[in-house]
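Note sheet for the following structure.
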Amino acid sequence: MEKIPRAIAFHAQSVKIHTYIFMLTYLVISEHLMTKKIHPISGLPELLPAQQRIFHDWINKIRSVFEQHGYAPIETPAFERLETLTSKGIAEHEIYTVRRLREDDGQKQDDADLALRFDLTVPLARYVSQHFADLVFPFRRYHIAPVWRGERAQKGRYRQLYQCDIDVLSDRPLSYRSDAEVIMILSKILSSLQPSIGSFHFYINHRYLLSGMLEAFGITQNDEILRTLDKRKKIPSAVLFRELQQWTDRPEELIQTLDHFSGPLRESCDRIANSPFKDSALVARALNELQGVADLLEAFGCPAELYRLDLSLARGLNYYTGIVLETFLDDHPGLGSISSGGRYDNLCEQFSARSIPGFGLSLGLSRLFHWYIEQLDQTLYATPAKIMIAVQDPATLTACCGLAESLRQKGCAVEQYLEYDQRSLGHQMKYADRAGIQYVIFASIEEVLSDRWIVKEMSNSQQTIYTRKELLEYFGC
């Protein structure tokens with residue numbers, strides 16, 4: 001037998017070693033990739049299926065209230081032109097711009113400066129101006145959708161969040177009556193979410209009322225002082241007084257005055273109406289509107305104690321021109337405002353020469369919902385089905401599927417268990433228990449042929465036998 005040349009033998013051994021090293025490296029890399037920890041992106045929350053079901057339930061409740069009052073849904077693109085979004089005083093660092101990873105030489109110029117919307121109000125102004133001829137005024141709309149903000153990710157602050165907006169806009173002067181209706185609708189929405197969110201209060205002000213009172217202290221209203229007043233509850237009094245000194249030499253008296261006339265909406269308006277401030281034309285106009293809103297809220301059946309006048313409430317955005325509003329949960333003020341908004345008479349001026357006044361409120365759905373989920377101490381279940389049909393014998397599958405469909409036609413939510421291969425009836429029962437199924441229906445082939453179906457109530461393990469007809473009657477759903 002011929003001997004293999006030493007060089008060839010060495011080469012073969014070398015190939016084996018390299019192959020072994022390659023395979024070992026591949027296995028190590030594969031193991032690393034399989035076990036690599038996935039880190040969530042901060043500020044971009046995700047919900048588990050059971051939580052998502054509750055979130056959708058909230059949205060359905062909110063949508064129902066909107067449509068009961070004649071408000072129509074709209075959708076706008078997630079993208080807007082950057083110049084559209086930067087026109088109303090938002091800080092540029094809060095806006096996410098959008099670009100392609102690789103630019104196309106044939107790309108149209110109008111694709112260049114796009115950004116993700118940071119709220120639903122500015123896109124609304126563009127939408128109304130663009131579709132003005134096709135809309136019926138007063139235009140009453142709602143919009144439930146995500147927005148994106150360049151927030152520093154922290155508890156209660158998200159970079160992607162759902163907002164829920166309601167607005168009414170007009171092609172002629174819009175009265176305070178529409179303001180009152182929108183406030184009433186938001187009151188109903190928050191009430192529909194009880195007891196989940198607990199008690200709440202609306203804090204209301206009027207930019208004219210605030211302007212008139214500031215004038216009494218020699219201050220001309222400007223964006224800077226509005227922002228200072230807006231943050232008064234977040235900074236020490238000494239810091240607040242120091243900042244106010246650039247506009248008045250009586251900062252403490254100013255704050256005391258604003259606090260003195262703040263309180264229950266109607267009572268506070270009455271106090272101001274009997275004070276020297278009533279002689280201001282701005283104050284008189286604001287009082288007329290606020291008192292009118294209070295009257296209508298009472299006519300709508302809204303509890304008067306829900307609404308309070310807060311004279312230091314300014315709302316920093318520069319498009320508000322009349323009534324402004326924020327809402328807080330009574331037992332959780334640290335959560336911050338859960339809804340806010342107000343009157344904007346000039347919002348559409350960038351897009352249209354027409355005067356299109358409006359009033360709108362926005363509910364911070366994501367912040368409120370994630371807070372609610374954190375408070376829950378009960379087990380949540382993902383499935384919307386309360387009935388599951390188990391397969392005890394593969395020969396019964398056709399009958400099981402037929403029964404499931406008949407129950408669905410009755411309006412029942414039914415899950416048909418299909419992955420029964422190597423899954424015993426006991427395993428299927430364990431699945432149903434973990435999924436939160438209330439009733440499991442099953443039968444052997446002999447029982448199906450004799451029209452007997454067993455219903456197991458999962459809460460107490462009680463089992464009852466029904467015919468198919470009796471089952472359909474029992475589960476009227």
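Taken together, the values in this text are just the output of simple stated rules run on the coordinates, not laboratory data. Remember, it's a predicted structure, so these values are computed and weren't measured experimentally. Glycine also receives a Cβ, built like all others from the backbone with ideal geometry; neighbour counts cover every protein chain displayed.
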Selection from Ala435, Thr396, Thr467 lying farthest towards where the dipole of segment 387-474 points positive, charges on Cβ: Ala435
Candidate values [x] 84, 60, 53; [y] 91, 58, 46; [z] 113, 81, 50, label of the one derived for Cα extents along the principal axes in Å: [z]
Degrees separating the helix 121-130 axis from the principal Cα axis of the chain, which is the longest one: 80 degrees
Nearest-0.05 FRET efficiency for Lys410 and Ser459, computed from C-beta distance (R0 22 Å): 0.50
Cα-based shape type of segment 387-474, given that a ≥ b ≥ c are square roots of the gyration tensor eigenvalues and the cut on a/c is 1.5: rounded
Lone cysteines, the chain (no partner Cβ under 4.7 Å): Cys164, Cys269, Cys302, Cys348, Cys400, Cys401
C-alpha long axis of helix 425-435 to longest principal axis of the chain, angle in °: 10 degrees
MRE, 222 nm, helices only [DSSP H, n ≥ 4, -39500 (n - 2.57), over the chain, to nearest 500]: -12500 deg cm²/dmol
Taking the chain and dividing mean pair separation by its residue count, relative contact order in percent (alpha carbons under 8 Å, at least six apart): 15 percent
Assigned charges on the beta-carbon of Lys, Arg, Asp, Glu; segment 387-474 dipole about Cα centre (debye): 180 debye
Length-normalised contact order for segment 387-474 - Cα pairs under 8 Å, 6+ apart - percent: 31 percent
Cα-Cα over 30 Å, subset of Lys36/Lys155; Lys188/Lys430; Lys188/Lys278; Lys386/Lys469: Lys188/Lys430; Lys188/Lys278
Per-peptide average of other Cβ atoms within 10 Å, ordering 387-397, 337-347 highest first: 337-347, 387-397
Neighbour-count order for Ile185, Ile59, fewest beta carbons within 10 angstrom listed first: Ile59, Ile185
Point-charge dipole on Cβ atoms (K/R +1, D/E -1) for the chain, about Cα centre, debye to 20: 1080 debye
Angle in degrees between helix 397-409 and the longest Cα principal axis of the chain, rounded to the nearest 10: 20 degrees
Among Pro195, Leu258, Leu114 - extreme Cα towards positive end, dipole of the chain, charges at beta-carbon: Leu114
Burial ordering of Phe132, Phe277, fewest other beta-carbon atoms within 10 Å first: Phe132, Phe277
